[in-house]
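Undergrad: Just passing along the structure, written as structure tokens.
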Amino acid sequence: MISSVVNALILGLIIVLSISCGGSIVDEESTSNSRLFAASCQSCHTLPKPTDKSDEEWPPLVKKYGEQAKLTVEQIDRITIYLLANN
Ligand code: HEC
């Protein structure tokens, strides 16, 4: 009887922790993607707005300019993810 109450509490705690942790990981990731975008994409011109281009237009543009900026494939992917999530 007692142990099932304890189990329920532990389970609840695990669920709460995993939800709050998951949230902060996602936030951190999107913040660092947006920082990477800001750091990489305004050395030659002003920073474009994510809403300037569509989901179809961004991937080839980020690839083109990312390669010019000597970014890694992983960095290009992260910038693309950020732009598509915010356009
Ligand atoms: C090495 C310099 C350089 C860097 C770094 C750079 N760009 Fe550019 N970008 C340019 C130049 C030059 C143009 C305008 C002329 C052209 O079409 O090439 C331009 C134009 C653009 C345009 C307008 C193109 C259009 O067809 O409307 C977008 C959008 C853009 N850049 C996005 C980015 C993004 C996103 C990044 C970061 C991954 C980035 N740029 C980094 C040089 C750069």
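Undergrad: Look at the stretch 31-53 and say how many of its residues are closer than 19 Å to Glu74 by Cβ and of a type in the set (Lys, Arg).
TA: The number of residues fulfilling the criteria is 1.
Undergrad: Checking Cys21 against (1) at pLDDT below 95; (2) surrounded by 15 or more Cβ atoms within 10 Å (Cβ to Cβ), which single condition isn't satisfied?
TA: Failing condition for Cys21: (2).
Undergrad: Against the definition (within 9 Å of the ligand (Cβ to nearest atom), closer than 18 Å to Asn86 by Cα, modelled with pLDDT of 95 or more and hydroxyl-bearing (Ser, Thr, Tyr)), how does Ser54 come out, yes or no?
TA: The answer is no for Ser54.
Undergrad: Looking at (1) outside any loop (DSSP other than H, G, I, E, B); (2) at pLDDT 95 or above; (3) more than 10 Å from the ligand (Cβ to nearest atom), which is the only condition Gly66 fails?
TA: Gly66 satisfies all of (1) outside any loop (DSSP other than H, G, I, E, B); (2) at pLDDT 95 or above; (3) more than 10 Å from the ligand (Cβ to nearest atom) except (3).
Undergrad: Give the number of residues within the stretch 69-86 that are of a type in the set (S, T, N, Q) and either within 6 Å of the ligand (Cβ to nearest atom) or surrounded by 15 or more Cβ atoms within 10 Å (Cβ to Cβ) (or both).
TA: Residues meeting the conditions: 2.
Undergrad: Residue pairs, Cβ under 7 Å, 6 or more apart or interchain, first in the stretch 51-79 and more than 13 Å from Asn33 (Cα to Cα), second more than 9 Å from the ligand (Cβ to nearest atom) and part of a helix (DSSP H, G or I). List them.
TA: From residues that are more than 13 Å from Asn33 (Cα to Cα), the pairs are Asp55/Leu84; Trp58/Leu84.
The values are calculated or read from the model by the stated rules, or taken from the named source; none is laboratory data. This one's a predicted model, so the numbers in the text were calculated from it and none came from an experiment. We place every Cβ from the backbone using ideal geometry, glycine too, and count neighbours over all the protein chains shown.
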